[in-house]
Amino acid sequence: MTRAIVLIGVSKVRGHGFPPLKGVGDAIARLRDWAHSQGIPDVIALTDEGTQEVTAGGIKKAIFGLLDDRDDLEQLIVYFSGHGVVRDYREFWLLSRAPYDVDETVNLTGSVALARAGRVPHVVFISDACRTPTNTLQTSFFLNGSHIFPSIGNPDTTQAADVFYATQLGAPALEVAEDGENYVAVYSEVLAEALNGRPPTLIQNGLLRPRPLGDWLMKAVPRSLADKKLRVPPSQRPYADIASGDEVWLARFHFPPQAAGQAPPNPDAGPDTPDTDADGQATDADALAPDELLVAEARFTEMLGRPFELPRDLADLLPKSRWPFGVSSGSWRPLGRDAGPAVVRDGPFERHVGFLVSGREVREASCPGEALRVERGLAGSAIVMESLQRPAEVLIEFDDGSGVLLPALPGQLAVLPFEDGRPGDFRYEPVDTAPADASRFALDGLRTAACRVSAWGGLALDRQGATQLMARLLGAPSIDPVLAIYAACAFERIGRLDWIRTLQDEVAARWGLRLFDLALLSREFLRDAPPVEPVLPSVPMLAQNWVYLQALHPGFPPELAASLRGEIHGPLWARYTPRGVHALQTWLVPDADAVQLQPTP
């Protein structure tokens, strides 16, 4: 297999709140030594050692050069050690001039999307960086970032791109002083051990494969941190998005033949004994800091009908949760639709197509070419669209001036509850009672679980879970547009472009439109011919999908993108600031074509 690796190390950035990282040099050295030991011919290191700077242009030059010069390249590894931030689930690596220069960041999320549509069959991203939100670090809200892979030539190409993260979403990646002076990046230290064949139980038939490595790192890094006996309990738990199959590998070892089921020897490893603490007592490697995302994924997996074993400490979190699930004999079961957030359907909400908003007052609503009215009832605010005959997009402005842009569907009531000021379990239900009950019976528990998991960072499914989710969606009484978007994001992470397009076709056949998020993730905007059906709404519905615009929709109006830059908030559904709402009104709703009505007092 022809391979190459690009090592990126940035210890210092130009911005407040980002201290110099002292373990970057050691991390780069470990990965470089491993690459040489594996005989990888092209090993490119880009670091800020001495007075050098690491720039987006330099990274692109290195990667583009490899792609141009190596037509036979089968695997490309891109490793980063440095500062990282997250903005509405968009991952960024900070380079030497960032965040002072917002373009001197790497848009990791968009780069992964481009790699999945590129020429190299297997691309591996390794990110030893924090994944903390930018707003907690007072970083610029205007991060856009640079893509370090070339634009997509063929929208039908699908390659495997794996992403290894040093920590879970929202948490830091740690470096520690080994002897009071020399620092090590803990994730890279443990990763290098595995890549060099320790522990040997990871190696099968002389090969170390991505999926077992990701699973092992999730336990091994917290165990290593616990062994270092830090004064502050760490919250670092690695995570990996693995899209590749079982045929690919990251490291190869030459061992003598072993008996079936026997692990190859490792001269550097001790006897394979259970983990023990300082007193010699056996410990549970899974006894880690609580992780709400893992708990959320456990619940979603349960809703797919599959058992999911949580570590002991995470299982303790479940009874404290506000989720609509209950405990029975130590396992989780859905309690039924009445256990979720209460939504009272009264008056016009039962009879008319439109929107039902609870938990927040609607100031006004507007829709090009469609009549609507805003009413209040016991359930909150209703946007009634009695004469809606075809899909349309509605700009809803709330009492604080913020707003959302969502599609209205004929025959459907869109329920938008707010919880703690943020959009919650958004869903579409048939206006007619019998189909609505059938939809709730089939999908309510799954919808709620998918919403919660997506709010914590997006669905992350293995192949079995993705297959079961697809079967649930296609087997429902009607395709659910909201669940389709959640699922498409999960399928994008595992490279199932075909499934995203199937969902898009199902929505188009049922509703006569292309949902923007599905069109974006299915690469519809990269085709020469535009979609036949209208694309609604005019912008992504999920906040996290804005990061794909530059890579997957190069024709998106630049003036609209510029006016909304920094005006989008998540998590989950894109909610716009008052300035963003005004920009959308200017773009979407000319005075002559829109009906805007204040709610009646």
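The values are calculated or read from the model by the stated rules, or taken from the named source; none is laboratory data. Computed from a predicted structure; not experimentally measured. A quick note on method: Cβ atoms are made from the backbone with ideal geometry, for glycine too, and the neighbour counts reach across all protein chains shown. With ligands, DNA and RNA removed, areas are computed over all heavy atoms of the protein, side chains included. Shrake-Rupley method; radii C 1.70, N 1.55, O 1.52, S 1.80 Å.
Towards the positive end of the charge dipole of segment 342-588, with charges on Cβ (+1 Lys, Arg; -1 Asp, Glu), say which of 439, 535, 521 has the farthest Cα.
Toward the positive end, the furthest listed residue is 521.
Please give the FRET efficiency for residue 247 paired with residue 387, using the beta carbon to beta carbon distance and R0 = 35 Å, rounded to the nearest 0.05. Don't jump to the answer; show the numbers that get you there.
On the way: r = 56 Å, r/R0 = 1.59.
That pair, residue 247 with residue 387, gives E of 0.05.
From the C-alpha gyration tensor of segment 449-590, pull out the three semi-axes of the equivalent ellipsoid (sqrt of 5λ each), sorted largest to smallest, in whole Å. Could the numbers behind the result be given before it?
Details: eigenvalues 131, 62, 38 Å².
Three semi-axes, in Å: 26, 18, 14.
Write down the percent of antiparallel bridges among all DSSP beta bridges whose residues are both part of segment 342-588, to the nearest 5.
80 percent
What does the charge dipole of segment 464-511 about its Cα centre add up to, to the nearest 20 debye, if the Cβ of each Lys and Arg holds +1 and the Cβ of each Asp and Glu holds -1?
Roughly 80 debye, rounded to the nearest 20.
Let me check against my output: what whole-number percent is the relative contact order of segment 342-588, with C-alpha pairs under 8 Å and at least 6 apart?
Reported relative contact order: 17 percent.
Suppose the chain between residue 468 and residue 419 were pulled fully straight at 0.36 nm per residue; how much longer would it get relative to their current alpha carbon spacing?
14.7 nm
Over segment 342-588, average the accessible area per residue using a 1.4 Å probe and give it in Å², no decimals.
Per-residue value: 35 Å².
Within segment 197-211, whose backbone N sits under 18 Å from a point 7 Å along Cα→Cβ of residue 36?
The answer is 197, whose backbone nitrogens lie closer than 18 Å to the label point.
Take the residue pairs 22/60; 12/219; 12/228 and return only those whose Cα atoms are more than 27 Å apart.
Beyond 27 Å: 12/219.
Mind running the shape call on segment 430-503? Use the C-alpha gyration tensor, a ≥ b ≥ c as the square roots of the eigenvalues: rounded below 1.5 for a/c, prolate if a/b tops b/c, oblate otherwise.
Numbers: a/c = 2.24, a/b = 1.63, b/c = 1.38.
It comes out prolate by the Cα gyration axes.
State whether segment 59-207 is rounded, prolate or oblate according to the following rule on the C-alpha gyration tensor (a ≥ b ≥ c being the square roots of its eigenvalues): a/c under 1.5 gives rounded; otherwise a/b larger than b/c gives prolate, and the remaining case gives oblate.
Oblate shape, in that a/c is at least 1.5 and b/c is the bigger or equal ratio.
Where the only charges are on Cβ atoms (+1 Lys, Arg; -1 Asp, Glu), what is the dipole of segment 342-588 about its Cα centre, to the nearest 20 debye?
With only Lys, Arg, Asp and Glu charged at Cβ, the dipole is about 460 debye.
For a test of the definition: using alpha carbon positions, the gyration tensor, and the 1.5 limit on a/c, classify segment 1-93 as rounded, prolate or oblate.
Verdict is prolate for segment 1-93.
Calculate what fraction, in whole %, of the accessible area of segment 342-588 sits on carbon and sulfur atoms when a 1.4 Å probe is rolled over the protein chains. Walk me through the numbers before you get to the answer.
Numbers: 4470 of 8620 Å².
Answer for segment 342-588: carbon and sulfur cover 52 percent of the accessible area.
How long are the semi-axes of the ellipsoid equivalent to segment 342-588, from square roots of 5 times the Cα gyration tensor eigenvalues, in whole Å, largest first?
25, 23, 17
Using R₀ = 45 Å, calculate the FRET efficiency as 1/(1 + (r/R₀)^6) where r is the Cβ-Cβ separation of residue 61 and residue 433; round to 0.05. Show your work: numbers first, answer last.
On the way: r = 62 Å, r/R0 = 1.37.
My answer for the efficiency is 0.15.
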